[in-house]
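Colleague: Can you read through this structure? Questions will come right after.
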Amino acid sequence: MARHNELGRQGEELAKTYLEKSGYEILDENWTFGKAEVDLIVYKNQVIIFTEVKARTSNSFGEPEDFVDNRKQKLLAQAADEYIYLMNHQGEVRFDIIAIRFRQDGSYTLKHIEDAFWPSAD
């Protein structure tokens, strides 16, 4: 398995554990619709939260959260629309990012950015 895939999987597991410990209910993992994949779909306080997890070993090219560009946001919004429709969810939704930076010694920092973006309708 490629190193970046392994890093991504490890990041998603850390994010999932963090969210569970923070009182979120995990609804789905790696949920796909069309070309979009939502890493984690969680629920808390009657809000469905579509969570993108980004893990990096360096910030040489930017912080992990910088890699959730407009194209990715639009794909996530399309997937979210379908998920909301399928679940008949009538409440609020939001889009979060969990950014994880791994250090060479195996330690890491985790940053949870709530309401990180709201995809534009265009």
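Colleague: Could you check what % of the DSSP bridge pairs in the stretch 3-113 are antiparallel, to the nearest 5?
Modeller: Working: 18 of 28 bridges.
Counting DSSP beta bridges with both partners in the stretch 3-113, the antiparallel share is about 65 percent.
Colleague: In degrees between 0 and 90, to the nearest 10, how far off the longest principal axis of the chain does helix 3-21 point, with axes built from Cα atoms?
Modeller: That helix lies at roughly 60 degrees to the long axis.
Colleague: What number does the chain give for Rg over Rh if you use C-alpha atoms and the Kirkwood radius?
Modeller: We get a ratio of 0.96 for the chain.
Colleague: Now for a different question. For the chain, find the longest principal axis of its Cα atoms and tell me its angle to the long axis of helix 70-87, 0 to 90°, nearest 10.
Modeller: The helix 70-87 is inclined about 50 degrees to the chain.
Computed from the coordinates by the stated procedures, all read-outs in this text should not be read as laboratory data. Model, not experiment: these values are computed from the prediction.
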